[in-house]
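Take a look at the structure set out below.
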Amino acid sequence: MTLYRIAPYLQAAPLTLILAAFLVLPIATIVMVSFWDYDSIQIFPDFVFTNYEETITSPVTWRTYLNTLKYTVIVWAVTLLVGFWVAYYLAFHIRSATMQMVLFLVCTIPFLTSNIIRMISWIPFLGRNGLLNQSLMTMGLIDQPLEFLLFSDFAVVLAMVHLYTLFMVTPIFNTLMRIDRALIEAARDAGANAFQILTNVILPLAKPGIAIGSIFVVTLVMGDFITVRFMSGGQSASVGLMMANQIALLQYPAAAANAVILLVLVLLLVAAILRIVNIRKEL
Amino acid sequence: MSQKTTDRTGAKSAKSGAAGTAGKTAPAGAGVSRRGLLKGAAALGGLAVGGQAVTGFPTVWAQNPITLRQFGTGVSNLNAIAEKCKADLGITLQMTALDSDAVSQRVVTQANSFDIADIEYWICKKVFAAGTLQPMDVAKIKYYDQIVPIFTTGKLTPQSQIAQGTAPNTVSFVEGPDSKKFAPAPTQWMTLIPTIYNADTLGIRPDLVGRPIKNWKDILDPAFKGKTSILNIPSIGIMDAAMICESAGIVKYADKGNMTKAEIDITIDFLIKTKQAGQFRAFWKTFDESVNLMASGEVVIQSMWSPAVAAVRSKGIPCVYQPLEEGYRAWGGGLGIAKHLKGAQLDAAYEYINWYLSGWVGAYLNRQGYYSAVLSTAEKNMTPDEWAFWMLGQPAKTDILSPEGKVMYTAGAVRDGGSFEQRMGAVACWNSVMDEDRYMVRRWNEFIAA
């Protein structure tokens, strides 16, 4: 009898333990350390708000957060646009299920290499003497190499879109595949044109997928530091990069305070997305 | 790692059988294969006595295997040194390479995790007060008298001026065996035994700059707009920035190595203005980044380290480590002994340090374009041509090889900057740690974010 009562707890225990050990505990530690004090080589247990004060009152922090948000908005918009149409094409224009799967797998091929390699491979392509500039110059389209291609915001956004679009494609493709084709036929029978079908039928039904994809992209871009560092040539800042710098300088409490602020901000963004879209329909 | 090194050395000793000493069989207990041990023992039979006579080091470590855990920055943590040390002394060196920030932290917070700390002098200034290192008795340092005087009196020649920044001599000595207070003049107690040092300057692409480069301020030339870079390691980058600002007449520092808040502000504000005007192409943090920026032509003039210049050149791309009128930014590192070492391990540490200064390592480092602490012993381990090229600044008579045997310079080449005296005699400032360190780092981050 008792076994019946504790069985559900036992079943939930492994996941609970894993989450407690690898999610709750580290986050609790970060929150704790964010209140500690530090000097140039050591950190001391303490309860001070200076880390938050210094972080929040510094104009650099604000500028960095704004810059990160700028990347997030641009990358989100571009990945949504590209991701939606790729998914739309796969779901509605490819007739055979086999072909759909094949093409979907093609989308994942870049993921067979590490994302750092995918990112770094842009550098020789976009550089001053890179492939793109050389081809354009040989074709006579430009006389001077285009400098903005590399080590710029353009390069950062380009690399991020390249890295993260699939995170948008997959959930949207998934929701689109679940749309009952009869609904589209019914809409057409009722006299809707293609655009009306898109805005009144497909988009509302694709919302959960868009929301999930958005959560992926937003959290990935907000936390990114390596893409920003490499593609901007160290010229731009992101929150993740700011934290990486602080860690390199042994300012762990400051980095922890930053991490807590970022975590809160990202959770707010995710909450906002969830307010707009009920993704449980999807799950 | 140590296991591997052990095996490799064992195998090599068995194969070559040359220069074998008793030391080579030392790791018997530490996991050499039976075959290796037998072969090693055979080699030992023939060579032990002779080998010892040549190197002159005792064999106690053969009976009582000693492992020393050394950690430090990448420059001098070289496997070749660990292997040679194993072969000559029988002491197993476990090397860990970390970046300088991690090194500082580890010295202070994990005092028992290392035996030998290979740190830079400015790190020493920061961490020695933590009391985790013990000063060394110079009476036990065999070549103490021959150490380059930069590290003892601070003066390369009796006439030279001591440069700004954390000059090594200012943190080389403490007042007593238990003291943490740096002594102004040499005493019997030395904090670090110098190992490796060099004078840094700007690297240029002579084929792309199109004009002679003479001053640090040339990096600001509008002709190089969007084609320059400086390194993004605050404590070193700020020094390069200071050399540039002073050269351009923006500010005159009382001590570049220890700026006031106002001086930091002027420097960083100027950097931000320069960055926003688009003068910089990128900021680099790692060795490879600097090599790639230069080799790809993204930048034509930038902060650089001497092996990075060699790396660019080894790709067949012209690159010069340009001497500048204002002088060099120098850096230096040394070996410190952990507080907890005593008895046989402490003896082994001294043994290792004496061996380090005895010539083989010195020659190895000199051949990489760095400088070693005891020049007389290093000279004996280099060919006269190598010595003339690296240290005297004379044209190479034959091809100059790297320690790995790759051609670095072809016959007729001359080292950038000339002789040892010309280069180390023109040091304007040393890498340093400032009193306003935290403020400087905060402003530096602002510069990067701007």
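The values are calculated or read from the model by the stated rules, or taken from the named source; none is laboratory data. These numbers were taken from a predicted model, which means no experiment stands behind them. Note that we place each Cβ from the backbone using ideal geometry, even for glycine, and neighbour counts take in every protein chain shown.
Values as computed for the structure displayed
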read-out: B:Thr109 vs. criteria on the phi < 0 side of the Ramachandran plot and either modelled with pLDDT under 85 or among the basic types (Lys, Arg) (or both); value: yes
read-out: Out of A:Phe148, A:Phe154, A:Phe195, A:Phe173, sole residue that is surrounded by fewer than 17 Cβ atoms within 10 Å (Cβ to Cβ), within 30 Å of A:Met99 (Cα to Cα) and among the aromatic types (Phe, Trp, Tyr); value: A:Phe195
read-out: Checking B:Phe270 against (1) more than 27 Å from B:Ile196 (Cβ to Cβ); (2) in a loop (DSSP other than H, G, I, E, B), the condition it does not meet; value: (2)
read-out: Any hit, segment B:328-348, residues being surrounded by fewer than 24 Cβ atoms within 10 Å (Cβ to Cβ), within 14 Å of chain A (Cβ to nearest Cβ) and touching a residue at least 12 places away in the same chain (Cβ under 8 Å); value: no
read-out: All strands (runs of 3 or more DSSP E) inside segment B:135-244 with 3 or more residues being closer than 26 Å to B:Lys125 by Cα; value: B:193-200
read-out: Any hit, segment B:71-91, residues being in a strand (DSSP E or B), within 14 Å of chain A (Cβ to nearest Cβ) and buried (at least 23 other Cβ atoms within 10 Å of the Cβ); value: no
read-out: Test: residue in segment A:126-133 that is among the hydrophobic types (A, V, I, L, M, F, W, C), farther than 20 Å from A:Phe151 by Cβ and either crowded, with 17+ Cβ neighbours inside 10 Å or more than 14 Å from chain B (Cβ to nearest Cβ) (or both); value: no
read-out: Failed criterion for A:Phe230 (all others in (1) surrounded by fewer than 23 Cβ atoms within 10 Å (Cβ to Cβ); (2) at the interface with chain B (Cβ under 10 Å from one of its Cβ atoms); (3) touching a Lys or Arg at 6+ places or on another chain (Cβ under 8 Å) hold); value: (3)
read-out: Filter pass, B:Ser358 being crowded, with 20+ Cβ neighbours inside 10 Å, of a type in the set (Ser, Thr, Tyr) and touching a helix residue (DSSP H, G or I) at 6+ places or on another chain (Cβ under 6 Å); value: yes
read-out: Selected residue [over 20 Å from A:Ile74 (Cα atoms) and modelled with pLDDT of 90 or more] from A:Ser135, A:Ser114; value: A:Ser135
read-out: Residues that are in contact with a Cys (Cβ under 6 Å, 6 or more places away or on another chain) and under 15 Å from B:Asn431 (Cα atoms), drawn from segment B:242-257; value: B:Lys256, B:Gly257
read-out: Of all residues in segment A:26-41 being surrounded by 15 or more Cβ atoms within 10 Å (Cβ to Cβ) and out of contact with any Ser or Thr (no Cβ under 6 Å at 6 or more places or on another chain), the one that is nearest to the other protein chains (Cβ to nearest Cβ); value: A:Ser40
read-out: Residue match in segment B:116-129 (condition: more than 19 Å from B:Ile196 (Cα to Cα) and part of a loop (DSSP other than H, G, I, E, B)); value: no
read-out: Condition met for A:Phe84 (modelled with pLDDT of 90 or more and within 21 Å of A:Leu220 (Cα to Cα)); value: yes
read-out: Conditions (1) in the same structural domain as B:Gly249 (by TED's automatic domain parsing); (2) under 17 Å from B:Gln134 (Cα atoms); (3) of a type outside the set (A, V, I, L, M, F, W, C): number failed by B:Tyr321; value: (2)
read-out: Residue that is closer than 24 Å to B:Asn232 by Cα and within 14 Å of chain A (Cβ to nearest Cβ), where the choices are B:Ala428, B:Ala449; value: B:Ala449
read-out: Flag for A:Leu249 being buried (at least 22 other Cβ atoms within 10 Å of the Cβ) and in contact with a Pro (Cβ under 8 Å, 6 or more places away or on another chain); value: yes
read-out: Scan of segment B:423-435 for residues that are of a type outside the set (Gly, Ala, Ser) and surrounded by 15 or more Cβ atoms within 10 Å (Cβ to Cβ), ordered by number; value: B:Arg423, B:Met424, B:Val427, B:Cys429, B:Trp430, B:Asn431, B:Val433, B:Met434
read-out: Subset of segment A:55-68 that is touching a residue at least 24 places away in the same chain (Cβ under 8 Å) and surrounded by fewer than 18 Cβ atoms within 10 Å (Cβ to Cβ) - its residue that is farthest from the other protein chains (Cβ to nearest Cβ); value: A:Ile56
read-out: When residues of segment A:258-273 are limited to those that are surrounded by fewer than 17 Cβ atoms within 10 Å (Cβ to Cβ) and either closer than 21 Å to A:Phe49 by Cα or of a type in the set (D, E, K, R) (or both), the one farthest from the chain's Cα centre (by Cα); value: A:Val264
read-out: Any hit, segment B:271-287, residues being among the charged types (D, E, K, R), in contact with a Gly (Cβ under 6 Å, 6 or more places away or on another chain) and within 26 Å of A:Gln246 (Cβ to Cβ); value: yes
read-out: When residues of segment B:291-320 are limited to those that are small (Gly, Ala, Ser) and away from chain A (no Cβ under 11 Å), the one farthest from B:Tyr409 (Cα to Cα); value: B:Ser303
read-out: Helices (runs of 4 or more DSSP H) contained in segment A:201-283 and holding at least 3 residues more than 24 Å from A:Val169 (Cβ to Cβ) and in contact (Cβ under 8 Å) with a residue 12 or more places away in the chain; value: A:239-248, A:252-276
